[in-house]
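All remarks here apply to the structure that follows.
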Amino acid sequence: MTAELVKTNQVTVTIDGIQVSVPADTLVIRAAEEIGVQIPRFCDHPLLAPAGACRQCLVDIPDAGNGRGFPKPQASCTLPVAEGMVVNTQATSPVADKAQQGVMEFLLINHPLDCPVCDKGGECPLQNQAMSNGQGESRFAESGGVKRVFPKPINLAPQVLLDRERCIVCQRCTRFADEIAGDPFIALVERGAQQQIGIAEGVEFLSYFSGNTIQICPVGALTSAAYRFRSRPFDLVSSASIADHDACGSAIRVDHRRGKVMRRMAGDDRDVNEEWITDKDRFAFVSTRLDDRLTHPQVRDTETGELRAASWPEAFAVAARGLAAAKKKVGLLPGGRLTAEDAYAWSKFARVTVRTNNIDFRARPLGADHGAEEAAFLASTVVLGAPGAGAVTYADLETASAVLLAGLEPEDEAGTIFLRLRKANRATGARVFAISAVGTRGLAKVDGTLLPTVPGAEAAALAAVASNSDVALDSHSVILVGERLAVVPGALAAAVELARSTGARLAWVPRRAGDRGAVETGCLPTLLPGGRPVADAMARVDLAEAWGVDAVTGKDGLSGSQILDALRDGDLNALVVGGVDPADVLPSGGVDKKLRKALKKAFVISLEVRSSEFTELADVVFPVAPASDKAGTFINWEGRVRSFPKVLDHPSSLPDVRVLAGIAEERGRSIGVRTPEQAWAEIVKVGPWSGERAGFEAPASAAAPQPAAGQLVLASWKQLLDDGRGQDGDEHLRASVRPPVALVSAGTLTSLGLTAGDEVELAGPLGRLRLPVAVGEVAEGVVWAPASAPGASVRHQVGPAGSAVTLVGGTK
Amino acid sequence: MTDVLTPVLTDDWDAAQSWKLATYESRGGYGALKKALGMNQDDIITAVKDSGLRGRGGAGFPTGMKWSFIPQDNPKPKYLVVNADESEPGTCKDIPLMMATPHTLVEGVAISSYAIRANKAFIYIRGEVLHVIRRVQAAVAEAYEAGHLGKNIHGSGYDLDIVVHAGAGAYICGEETALLEGLEGRRGQPRLRPPFPAVAGLYASPTVINNVESIASVPSIIAHGAEWFASMGTEKSKGYGIFSLSGHVANPCQYEAPLGITLRKLIELAGGIRAGHELKFWTPGGSSTPLLTADHLDIPLDFEGVSGAGSMLGTRALQIFDETTCVVRAVLRWTEFYKHESCGKCTPCREGTWWLTQTLTRLEKGQGTPGDLDLLLDQCENILGRSFCALGDGATSPISSSIQYFREEYLAHLEHGGCPFDPLASTAFAIEGANA
């Protein structure tokens, strides 16, 4: 039945004398690819709507399928196939060939001959196709033609430059901005040969996805401010990799030269990111070569008390001695940047070498229950899910009837999901709903509907969706919950219940690339590798057997915030800390006095790429490799395994797994693996837990805190581009950060006696911050401000999301 | 002599205050609307079909057939859009018509909208002609006042609103899909077809786009019947049309005559070529139609006749040039116009007109080579039929046709080391016999 259906949707055409069957509505240009004929093209892009603007792909159609031919050559990028159609491309038709040569000649008359200094030279579709489908000599130049010139370049955005004279106005960039990103801030202006891509005066092309326009530009008109004039494509070595800034698992291509990454491009993976990545994935790669990169192990000198350089063996020995002295009173904070292999090493190191469950990858606010509800949710609902094993995928988002977001702002927190939701909405009208305090621009771009929710009330809001006939979730719907729900008691339980009662499918979207891998490998106090619950004795026995150890401890472990509390209270003697930005875990924007004292007293081992507040306080510092310097695997939010090879060889740092193996061996309790490859092999060997999964008991949901009169509730999250250390070093990218504002509803603004644009003082439990106030779609009684804007860090200077805050007017 | 003329649209042009509703009504105006409102809508479409009226904007597509393409089962609103963006060099029929008797157009819009079941119509007028825009706005206001527009027109239950829209000065917006883009508030560039406007035009709804003269012809068809209209003209080009004679004739003017009249007859009506001179070349339908010469004086000016002579009837904008005119200079001016007006969307037109202008400029200055003529023809070949819309095609017409008929004159520029013509001799203020 299905086969027959497919068959009837096939159309047979003859291209250059070769018959080929393709699905109905296939464009001629792509049908020709099926028989190996590449028709030259510029404006055509498979992920953009057809434009027919450049006219490069003209072909001859002697029979349109109805027995009659087209009198003129047709643009093959806009013409769908028809049964019986006959197409002659440049390969067989002199008419098509001449038409293409003619268009190519026209394209080149106003194009500068600056290929030797152009970034695109060597990988330029115009250059390549001028060679394949153009003439060697320029009749325009021969006849004394005068080219059009423009002053160059101009900034479309801080990170995107435009050389207008190179532009062939194919409109790929404007169509991308309009169709894919939904940020139509670039457009055609002027006309004729003066036509160019422009921005409105003072309104830059501020899009989280602006860099994609550089990549799809078929000429060198759009260039990256950071990469411009830095390299030639043929000097670069390209390595396929996976983006390391979020949990999307986007395919990227890392272009490097002599041990230095020169640029990152979007990879091509139709199951994940198609051909798009965020600007953060594209531009934020410089931080690992800044001056603060750690290049050798350090130990604290017993005589001077200062950190000094040490050999690897010495550092291993010192670390092992310190851990031995601390007994089992050790906490481990591996952070969220780890590959699955490194996370596995951390997890095994905790259980086998330290013999503790005090391990938590979550370096973020965990709420009053110290993340217990989230940990239970992850153990019962998230771990072991994968595409093909029932987990929600990108493809599911694209075909979903409705998508409900809770505690997640996809444009900021998972850019690839945002693009997929936008694609779904535009293609099928799929509705998106957001349980959030703010109707963001990102939500508007997916034509989403805000279910206004005061921070803290998400559990109740989720429960209410079940009876909301407008949302009408069903088995074709998806609920995406973000990591921010961890701080709201009962919210994850409510999401699970909503999914159960409506049949909708549920997925958890964390923020960091290593988060999901850390769940799968057991970097949680309650979870062991392969989804084995710590509380399950059989699971522990199973794992001990696989590991060849006597036993795996079943003792309750401490979560991330509990580890820090215990350190502060002197209940722990040692800390092993990994890719954790102290600013993220410690409430006051750094290490407070008491904790600093505790850390000084405790034995601290830091595994870091760059020096941080933790490395400064540590007793042993190990330089570990960033993702570019090691092979590994990220597991994305879908549970999809995204392996990548080592790109650069920097012998000065080692993968976490090697460092931990060194300490473990020195301690006499080996973790049995030393390399990422060995770690992955063991992950596979240990395998998933086939026994009973941990249950998820709904905790008693607490009532949302009520702010006192005159107070507002703070809604806040980290935007895509912020003060994150991973973005350090690219001033162009940082210049495109959205300016921080305090966002309130029009009603709240009026009730506070403010006007939009006023500078206000946002005061919370940690202090106060001055910000301009703006009006948006915000739940009443709520003020939103970005958690981590550079120079205006609400999370450190005001308080975490959910805090009761005040907003006091100031001057304009 | 005047027995060959058939003044219908232009009949009232000499009336005192011809643009006023009272004048129009006193001569039977809006009678056709009342008659139409009593007719079945499909019968109106049939009448227009039977009349043989073909689009007067240049392409000559049968108007009634265009109307019948509107899918009446489409739940979206239907729109009538009148293309009054008359910008073609040499074309001056719609603007005088709207200036003199705007109510003819308004009545035509009302009948046509009724026929296609549109409750909203737009008249997109070229932005530069402010006086005309005001005339049409005033006429629409008068028509509302008199109940010819608005709710429940003459008790028929039919509602119609007309919006008079001023363009912003781009030739490309005369292209119907670019016009729709402009009307929607976007950048005026042609749209990809399909979908065709009849299916998804203005605001993605079924839309009929007609020229001013086509719509203005509808009331007479309804009033006098399809047969009356079809009795005029030739076999496949029925009815009357406005022929605009400009240039080197004694009396440049609009002459309304049945299609199929010859230029010889029209020049005769215009008092002949200006004294002491003779016809050199002419455009049958504006600068986008290949030019013709004195050899073509007797071809019937209908769609088939002009097409048979290798040109197009176009808008019947007959620009007459006598022997004082340098054809290279004239063609260069037109090409500069197309370069200036190219919207930039597609490569052949955008880049081609840029290059053509440069090649022609050099030729006019006598700096080119004979090979440049072949280069020009090759460039034209690479533009014609390769561009996104017909503007690119139009830009090549004067060049390829002028080389066809006047190759020697191009070569004379090269031999002469510049233009052999006295540019002042072709001006209207040139003194007879004087060598300026």
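All of the numbers you see were taken from the coordinates with simple rules; none came from a lab. Since the structure is predicted, the reported quantities are computational estimates derived from the model, not experimental observations. All Cβ positions, even for glycine, are placed from backbone atoms using ideal geometry, and neighbour counts span all protein chains on display.
Annotations
- Amide H contacts for A:Gly776 (H built 1.01 Å from N in the peptide plane; partners 5 or more residues away or on another chain; cut-off under 5 Å): A:Val744, A:Ser745, A:Ala746.
- Estimated purely from DSSP H runs of n ≥ 4, each contributing -39500 (n - 2.57), the mean residue ellipticity at 222 nm for the protein assembly as shown is -9000 deg cm²/dmol once divided by its residues.
- Shielding score for A:340-347, defined as the mean number of other chain Cβ atoms within 10 Å: 0
- B:Phe69-A:Glu306 pseudo-label distance in nm [points 7 Å out on the Cα-to-Cβ vector]: 8.5
- Relative counts (whole %) of C-alpha pair distances in the stretch A:441-568, using bins that are 5 Å wide: 2, 9, 13, 16, 17, 14, 11, 9, 5, 3, 1, 0
- Anchor A:Lys72: lysines whose Cα lies under 30 Å away (excluding residues fewer than 8 positions away in-chain): A:Lys98, A:Lys147, B:Lys49, B:Lys66, B:Lys236, B:Lys238, B:Lys339, B:Lys345
- For peptides B:94-100, B:6-12, sequence by mean Cβ density within 10 Å, most packed first: B:94-100, B:6-12
- Put a dot 7 Å past the Cα of B:His154, heading toward its Cβ, do the same for A:Glu34, and the two dots end up 5.7 nm apart.
- Listed cross-link partners A:Lys280/A:Lys646; A:Lys329/A:Lys646; B:Lys35/B:Lys120; A:Lys445/B:Lys151 are compared with a 27 Å cut-off, the Cα-Cα value being larger for A:Lys329/A:Lys646; A:Lys445/B:Lys151.
- Counting Cβ atoms of other protein chains within 10 Å of each residue's Cβ and taking the mean over peptide A:48-56 gives 4.
- Where Rh is the Kirkwood radius over Cα pairs, Rg/Rh for the stretch B:20-167: 0.95
- Exposure proxy ranking, count of Cβ atoms within 10 Å, fewest first, for A:Cys523, B:Cys380: B:Cys380, A:Cys523
- The three principal axes of the C-alpha atoms in chain B carry coordinate ranges of 73, 48, 38 Å, sorted with the longest axis first.
- Ascending count of other beta-carbon atoms within 10 Å, so fewest first, for A:Trp276, B:Trp19, A:Trp637: B:Trp19, A:Trp276, A:Trp637
- Remark: spin-label model distance A:Ala472-B:Glu381 equals 6.1 nm, labels positioned 7 Å along the Cα→Cβ axis.
- Average Cα contact separation per residue, chain A, under 8 Å, 6 or more apart, as relative contact order %: 13
- Each Cα pair under 8 Å and six or more residues apart adds its sequence gap; the mean of these over the residue count of the stretch A:601-645 is a relative contact order of 28 percent.
- Partner aspartates and glutamates for B:Lys365 [C-alpha distance under 20 Å; skip if fewer than 8 residues away on the same chain]: A:Glu142, B:Glu323, B:Glu336, B:Asp374, B:Glu408, B:Glu409, B:Glu415, B:Asp422
- Fraction of antiparallel bridges per DSSP, chain A only, in percent to nearest 5: 60
- C-alpha long axis of helix A:537-547 to longest principal axis of chain A, angle in °: 70
- Principal-axis tilt of helix A:491-502 within chain A, Cα atoms, nearest 10 degrees: 50
- Share, in percent, of DSSP beta bridges within the stretch B:10-132 that are antiparallel, nearest 5: 10
- Beta bridges from DSSP with both residues in the stretch A:396-538: antiparallel share about 15 percent, rounded to the nearest 5.
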